[in-house]
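Everything on this sheet refers to the single structure shown next.
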Amino acid sequence: MARKPKIHVIGTGGTISGAGDTATAGAYQSGAVEAAQLIAAVDGLDRLADVSAETIFATGSENLGPVQWRQLARRIEEVCASNDVDGVVVTHGTDTLEEAAFYLDLVCRANKPVALTAAMRPATALSADGPANLFQAALSISSPHFQGGGVFVVMNTQVIAGWQAIKTSSVALDSFCAYPGGSVARVVGESLMMIGGRQSSPLAGRFHGVLEKDEELPVVDIVALRGGCGDRPLSNANTNDCKGLVIAGFGSGTMPDTLAAEAADMARSGTVVVVSSRVGRVMVSAHSTSTRLDDGVIPSGCLNPQKSAVLLSLALADGLDAAEIAGLFQLFSASSQ
Ligand code: GLU
């Protein structure tokens with residue numbers, strides 16, 4: 001790109017836009033700082049790119065979900081369709097960043113790069129990490145390496161494929177990492193070191209059609225297990241309006257025998273059931289879980305419960321049946337070849 005890149009920043013709230021009473025306060029309000037103010041606080045950004053900004057939400061990401069993700073995705077596609085923009089940075093809360101990034105990967109077909117970034121410390125904190133993360137996000141998507149498009153999470157010098165981003169700590173600056181792969185690139189000062197790694201998910205853009213519809217996504221609940229839970233989590237679950245269910249099982253997708261039997265019953269009666277795990281780095285395969293593929297219960301592969309729920313609700317919205325949905329999750333699993 002011979003000219004200065006043009007980057008559009010979309011603010012959605014989160015700690016990156018949070019303000020506390022003092023620079024050391026633990027409490028702060030998410031979404032208190034507009035995107036335009038955020039970019040004004042980033043030294044060197046104007047040398048790097050021509051940056052425009054808008055704020056579409058000003059809240060913690062715990063308040064965002066499929067309705068807001070669709071609004072965000074539509075706006076990203078609209079902005080990317082303009083010749084005046086070379087890439088989009090989304091500022092976001094960290095708490096549901098992994099779901100938002102996975103959703104955007106699955107629905108967006110923009111041919112320009114999108115980087116989600118966030119912060120672990122509010123904008124008013126001593127050593128706030130937001131400005132550096134914002135700079136690194138803009139730097140990354142200005143690079144020729146990312147001109148084909150794709151959804152990324154850029155945090156703490158790491159450029160991570162959006163579908164692989166996981167939050168691993170409630171407080172650490174290096175909370176985000178890539179799983180199951182490694183980072184795509186690392187930001188070093190004003191340069192990028194390309195490392196490798198798969199950039200888009202095996203289903204990138206597969207569910208673009210949901211952006212044309214206004215219906216809400218089907219409800220998918222997550223049931224988390226604890227040691228000694230027996231079959232209580234499923235027998236107590238109110239699954240009346242629930243088209244799909246994700247079980248956050250133990251380890252590699254194990255669960256008490258009685259609960260496995262109940263999961264199989266639910267799958268037979270028409271609820272699409274996926275088994276993931278409550279561990280941080282999930283790998284659940286057909287031979288590791290306590291349930292059986294023959295019973296119609298689907299292993300989540302490397303997708304954690306929250307990402308499994310995103311994929312399952314999009315697949316249900318698309319009208320896919322359990323066998324077709326199993327085929328999608330298989331793309332996130334180890335293959336025997
Ligand atoms: N709960 C807030 C959010 O996700 C703050 C967490 C954060 O951004 O780090 O927006």
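Working out 0.36 nm times the residue gap between Gln37 and Ala224, then minus their Cα-Cα distance, what length gain in nm do you get to one decimal?
That pair, Gln37 and Ala224, stretches by 63.4 nm at full extension.
Can you tell me which of 250-261, 275-286, 15-26 comes out highest on packing, and rank the rest after it, using the mean Cβ neighbours within 10 Å?
Taking the mean over residues of other Cβ atoms within 10 Å, the ranking is 275-286, 250-261, 15-26.
Output the Kirkwood hydrodynamic radius of the range 78-142, Cα pairs only, in Å rounded to one decimal.
12.8
Taking a probe of 1.4 angstrom, what is the accessible area of Arg74 in Å², to the nearest 10?
Answer for Arg74: close to 90 Å² accessible.
Taking a cut-off of 24 Å between Cα atoms, list the lysines near Lys6, but don't count ones fewer than 8 places away on the same chain.
Straight-line reach from Lys6, under 24 Å: Lys112.
Hey, which aspartates and glutamates would be in cross-link range of Lys213, C-alpha to C-alpha under 12 Å, not counting anything within fewer than 8 residues on its own chain?
Within the straight-line cut-off, Lys213 pairs with Asp318.
Round to a whole number: what % of the accessible area of the chain belongs to carbon and sulfur, probe 1.4 Å?
48
Rounded to the nearest angstrom and ordered from largest down, what semi-axes does the equivalent ellipsoid of the chain get from its C-alpha gyration tensor (root of 5λ)?
Ellipsoid semi-axes (Å, largest first): 36, 21, 18.
Pairs of alpha-carbon atoms within less than 8 angstrom and 6+ residues apart define the contacts here; what relative contact order does the range 83-145 have, in percent?
Reported as a whole number, the value is 37 percent.
Where does the chain land at 222 nm, in deg cm²/dmol rounded to the nearest 500, when only DSSP H runs of n ≥ 4 count, each adding -39500 (n - 2.57), divided by all residues?
For the chain, the value works out to -7500 deg cm²/dmol.
Can you give me the solvent accessible area of Phe176 with a 1.4 Å probe, rounded to the nearest 10 Å²?
Per-residue accessible area (Phe176): approximately 10 Å².
Rounded to the nearest 5, what is the percent of antiparallel bridges among the DSSP beta bridges in the chain?
Bridges in the chain are about 30 percent antiparallel.
If you average the sequence gap of Cα pairs under 8 Å that are 6 or more apart and divide by the length of the range 114-215, what percent do you get for the contact order?
21
Expressed as cubic angstrom per residue, what is the convex hull volume of the alpha carbon set of the range 122-164?
Per-residue hull volume (Cα only) is 71 Å³.
Which whole-number percent gives the relative contact order of the chain, counting Cα pairs below 8 Å spaced six or more residues apart?
About 13 percent, as a whole number.
Over the Cα atoms of the range 208-247, each weighted equally, I'd like the Debye log10 I(q)/I(0) at q = 0.16, 0.29, 0.32 Å⁻¹, rounded to two decimals.
With no solvent term, the Cα-only Debye profile gives -0.52, -1.01, -1.10.
Expressed in nm to one decimal, what extension gain is obtained for the pair Asp21 and Asp318 from 0.36 nm per residue of sequence separation less their Cα-Cα distance?
So the extension gain works out to 102.3 nm.
With only alpha-carbon atoms in the gyration tensor, what are the semi-axes of the equivalent ellipsoid for the range 1-119, in Å, largest first?
24, 19, 10
How much area per residue is accessible in the range 1-40 when the probe is 1.4 Å and only protein heavy atoms are counted (Å²)?
Each residue of the range 1-40 exposes 47 Å² on average to a 1.4 Å probe.
When the solvent-accessible surface of protein heavy atoms is calculated with a 1.4 angstrom probe, in what order do His208, His287 fall, highest first?
His287, His208
Would you mind telling me which residue in Ser200, Ser269, Ser183 has the biggest mean-square fluctuation in a Gaussian network model of the chain, where springs connect alpha carbons within a distance under 10 angstrom?
With Cα springs under 10 Å in the chain, the top fluctuation among Ser200, Ser269, Ser183 is at Ser269.
Arranged from highest to lowest average of other beta-carbon atoms within 10 Å per residue, in what order do the peptides 155-164, 140-149, 43-52, 321-330 appear?
Answer by packing, highest mean first, reads 155-164, 140-149, 321-330, 43-52.
Which whole number of Å³ per residue matches the convex hull of the alpha-carbon atoms in the range 177-232?
In the range 177-232, the Cα hull volume divided by residue count equals 200 Å³.
Considering the range 65-202, what Rg and Dmax in Å follow from its alpha-carbon atoms?
In Å, with Rg to one decimal and Dmax whole: 13.7, 40.
Under a cut-off of 19 Å between alpha-carbon atoms, report the lysines in cross-link reach of Lys167, not counting same-chain residues fewer than 8 places apart.
Lys307
Could you tell me the distance between the Cα centroids of the range 156-201 and the range 108-137, to the nearest Å?
12
The values are calculated or read from the model by the stated rules, or taken from the named source; none is laboratory data. Being a predicted model, the structure only gives us computed values, none of them experimental. Note that we place each Cβ from the backbone using ideal geometry, even for glycine, and neighbour counts take in every protein chain shown. To get the accessible areas, we keep the full protein, side chains included, count just its heavy atoms, and leave off ligands, DNA and RNA. Shrake-Rupley method; radii C 1.70, N 1.55, O 1.52, S 1.80 Å.
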